[in-house]
Amino acid sequence: MASSTSYIPFLCVAAAAYITTFLTVPLVKRLAIKLDAVDYPSKRRINTKPIPRLGGTAVFLGLVVACIVQIMGTWYLGWPPVLVPHPRLHISYPMLALSFTVIFATGAIDDVFQLRPKQKLAGQVLAALIACVGGLKIGVIVNPVAPGEIMLGWLAYPITVVYLVAFTNIINLIDGLDGLATGICGIASFTMFSVAVLSGRIDAAALSIALFGSCLAFLRYNFNPASIFLGDSGSLLLGFALGSISLLNVSRTAALTSLIIPLIVAGVPIIDTFSAIVRRKRAHISIGQADKGHIHHRLIQEGYNQKQAVLLIYAWCVLLSAGAAAINQVEVPMRVLIFTVLGIGSAAFAKHLHLFEPVLRHHYNKRTHEDELITPDDPAFKQEEQAAEEHKEERHHRH
């Protein structure tokens, strides 16, 4: 493990990101208001007054300055070099920087002009492709059932693109309460920093601690009551950054453990996204149809206020992150035990919150002759739910 003095560069990088983000948030607020990048109150939004978004701009600037500080420290202060050859991957760091710029630009444009879903997805895929072409990809994995390795070949590109786009979107989807996505990413990035230090990946460690510094500074303005939101410029950037760090952390070959750890760290947004897909499939509505069945919605419905709901989700994230850190340090039997305990605990919490139960359902209105969405408050919802269950049983008996 590194000596205490070797942590000074990381502290400087984190401080650079923190100070930059903290100082630029007020400027970004004014810019967002000028561009009308503002979230106005609505039925789907929690905020009761207009709040500027575009906060990801301050986070992005924090990462840029932290990167400059790291490079200057390497050149003039003798810090350990970050831009070092990867044991397995041939990474082009300028290409990686470009991919970050593209994902940030995609979110920023959406914050100002409201892109269509397909346009936003295209920007995400482009950013992921640039990172892949730059060498950041899952090219080789350890064979989980037999000795040796599995070479993915050209499949490395689509697999990595899907992985990065998925990571990007799980953070975007959970960004529903003041400070929620920012805090989750702060916890995840600090955990990934500890994993990176232990595995000797200085590039992943520097990027994750910079991300932690930016998140911590932004949380000062974003925690309830928030005066600015991340916007897609921030949520897409944070998700993409976490996905990239997790791949940089794979020191040689993508073993099962090295791929599972980032998934555990990001367990809460992953569970939230997975439950949303199941919930909407069960209700026979589009996966892209927004609803109020996310973790934070369920906690609010249970009587928690915004701060309490966010702190409870933070605690869940810390628990998963501590488990992930422990898995990285113990032998296989203990890894299986820890993973099982975390899985059962998370499943029980998800069941308690009814995350997989529909909150919207399609209903044909005989009066208007139109297909419309209804909520559990509407008596027709129960009728639709019962009809769906009867249809399911009928199909089961038929087969």
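The values are calculated or read from the model by the stated rules, or taken from the named source; none is laboratory data. This structure is a prediction, so every number in the text was calculated from the model and none was measured. Note that each Cβ is placed from the backbone with ideal geometry, even for glycine, and that neighbours are counted across all protein chains shown.
Among the residues of segment 19-62, how many are at pLDDT below 90, among the charged types (D, E, K, R) and farther than 13 Å from ASP110 by Cα?
So the answer is 4.
Can you name the residue in segment 287-313 that is out of contact with any helix residue (DSSP H, G or I) (no Cβ under 8 Å at 6 or more places or on another chain) and among the polar types (S, T, N, Q) and is also surrounded by the most Cβ atoms within 10 Å (Cβ to Cβ) among such residues?
Within segment 287-313, the match that is surrounded by the most Cβ atoms within 10 Å (Cβ to Cβ) is GLN301.
Somewhere in segment 108-129, is a residue crowded, with 19+ Cβ neighbours inside 10 Å, within 27 Å of VAL25 (Cβ to Cβ) and among the hydrophobic types (A, V, I, L, M, F, W, C)?
Yes, the conditions are met somewhere in segment 108-129.
Quickly run through segment 339-359 and pick out the residues that are of a type in the set (A, V, I, L, M) and surrounded by 17 or more Cβ atoms within 10 Å (Cβ to Cβ). Full working, then the answer.
Step one: of segment 339-359, the residues of a type in the set (A, V, I, L, M) are 341-342, 344, 347-348, 350, 353, 355, 359.
Hits for segment 339-359 are LEU342, ALA350, LEU353, LEU355, VAL359.
Output the number of residues of segment 310-366 satisfying the condition of being in contact with a Ser or Thr (Cβ under 9 Å, 6 or more places away or on another chain), among the polar types (S, T, N, Q) and modelled with pLDDT under 90.
Number of matching residues: 1.
Could you tell me which residue of segment 277-333 is farthest from the chain's Cα centre (by Cα), considering only residues that are outside any loop (DSSP other than H, G, I, E, B) and among the basic types (Lys, Arg)? Spell out the reasoning first.
Within segment 277-333, the first condition is being outside any loop (DSSP other than H, G, I, E, B), and the residues that meet it are 277-282, 295-301, 306-327, 332-333.
Now narrow it down to the ones that are among the basic types (Lys, Arg): 279-282, 298, 307.
Details: ARG279: 20, ARG280: 20, LYS281: 22, ARG282: 24, ARG298: 19, LYS307: 20 Å.
Here the answer is ARG282.
Considering only segment 184-202, state which residues are more than 16 Å from the chain's Cα centre (by Cα) and β-branched (Val, Ile, Thr).
VAL195, VAL197, ILE202
Could you please find all residues in segment 258-306 being without any contact (Cβ under 8 Å) to a residue 12 or more places away in the chain and at positive phi?
Scanning segment 258-306 gives a single hit, GLY303.
Quick check on PHE240: is it surrounded by 24 or more Cβ atoms within 10 Å (Cβ to Cβ) and closer than 21 Å to VAL161 by Cα? Lay out the reasoning, then the answer.
Working: surrounded by 24 or more Cβ atoms within 10 Å (Cβ to Cβ): yes; closer than 21 Å to VAL161 by Cα: yes.
Spelling it out, PHE240 is indeed surrounded by 24 or more Cβ atoms within 10 Å (Cβ to Cβ) and closer than 21 Å to VAL161 by Cα.
Among VAL133, VAL165, VAL140, which is the only one that is β-branched (Val, Ile, Thr), crowded, with 17+ Cβ neighbours inside 10 Å and at pLDDT 85 or above?
Details: VAL133 fails: crowded, with 17+ Cβ neighbours inside 10 Å; VAL140 fails: at pLDDT 85 or above.
Only one candidate passes the filter, namely VAL165.
Can you confirm whether ILE209 is β-branched (Val, Ile, Thr) and more than 18 Å from THR24 (Cβ to Cβ)? Give the derivation first.
Numbers: β-branched (Val, Ile, Thr): yes; more than 18 Å from THR24 (Cβ to Cβ): yes.
Judged against the criteria, ILE209 is a match.
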